[in-house]
Amino acid sequence: AQSVTQPDIHITVSEGASLELRCNYSYGATPYLFWYVQSPGQGLQLLLKYFSGDTLVQGIKGFEAEFKRSQSSFNLRKPSVHWSDAAEYFCAVGGGTSGTYKYIFGTGTRLKVLA
Amino acid sequence: DVKVTQSSRYLVKRTGEKVFLECVQDMDHENMFWYRQDPGLGLRLIYFSYDVKMKEKGDIPEGYSVSREKKERFSLILESASTNQTSMYLCASSFRRQLSGNTIYFGEGSWLTVV
């Protein structure tokens, strides 16, 4: 079955510390992978996406993610977190050749940033 | 930039009322989606449309219907609102054709409270 797992529901980091948010997926075809961020009361904004090629993907706001096929993972990282990064982060898979509408989202990781 | 606009950000409706949530996108996307977002449950697909007048049920279609009379507009209808439909509703859109992965873009969300 196709699925996306974000094992951490909540993460708290201090401002300036590094961040890694975990995402594991199960998907039968070539995965197209996404990370979205949602600020309180807002919609989801695309941070970055992986379709093919270089497995290290750069996104907006200083985020990057690395696709590891052997581990079925697509973890999101940021070297130095800012207070404005406090939000909820969603990993998603899909939108590819196995089904143009089948986007599967994780349940999200809520990030808290300590001053 | 892609723009997905949900006309109503905050609504309060009474049990049994008919509710319309409207969504418009300006990128000529074939696919449009309605998701429901609840704490701890992530995003759940209600309905999906891949063309005008076409629709497919998602994971939780019960109690909802949709309408797509024009390519840019996708409406979610609650025929008789119930309190368990109190939630955040997210509209989204994407291209259908098989490019190297199709990114899904979201609106700002509509907060619906049914009393």
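Quick note: the coordinates plus some simple rules give every number you see, no bench work behind them. From a predicted model like this one, the values you see are computed outputs, not experimental measurements. Positions of Cβ are generated from backbone atoms using ideal geometry, with glycine treated the same way; all protein chains shown enter the neighbour counts.
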(request) Within 10 Å of each residue's Cβ, count the other Cβ atoms and sort B:Trp34, A:Trp83 from fewest upward. (result) A:Trp83, B:Trp34
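Would you order A:Tyr25, A:Tyr36, B:Tyr50 from fewest to most other beta-carbon atoms within 10 Å of each residue's own beta-carbon?
The order, fewest Cβ neighbours first, is B:Tyr50, A:Tyr25, A:Tyr36.
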(request) Would you mind pulling out the separation of the Cα centroids of the range B:43-107 and the range A:44-115, in Å? (result) 23 Å
(request) Provide a whole-number value for the mean count of partner chain Cβ atoms within 10 Å of the Cβ atoms in peptide B:109-115. (result) 1
(message) Shape verdict for chain B, please, from the Cα gyration tensor: rounded (a/c under 1.5), prolate (a/b greater than b/c) or oblate.
(response) prolate
(request) Please name which of A:Cys91, A:Ile104, A:Ala65 has its Cα lying farthest along the dipole of the range A:9-115 towards the positive end, using unit charges on Cβ (Lys, Arg +1; Asp, Glu -1) and the Cα centre as origin. (result) A:Ile104
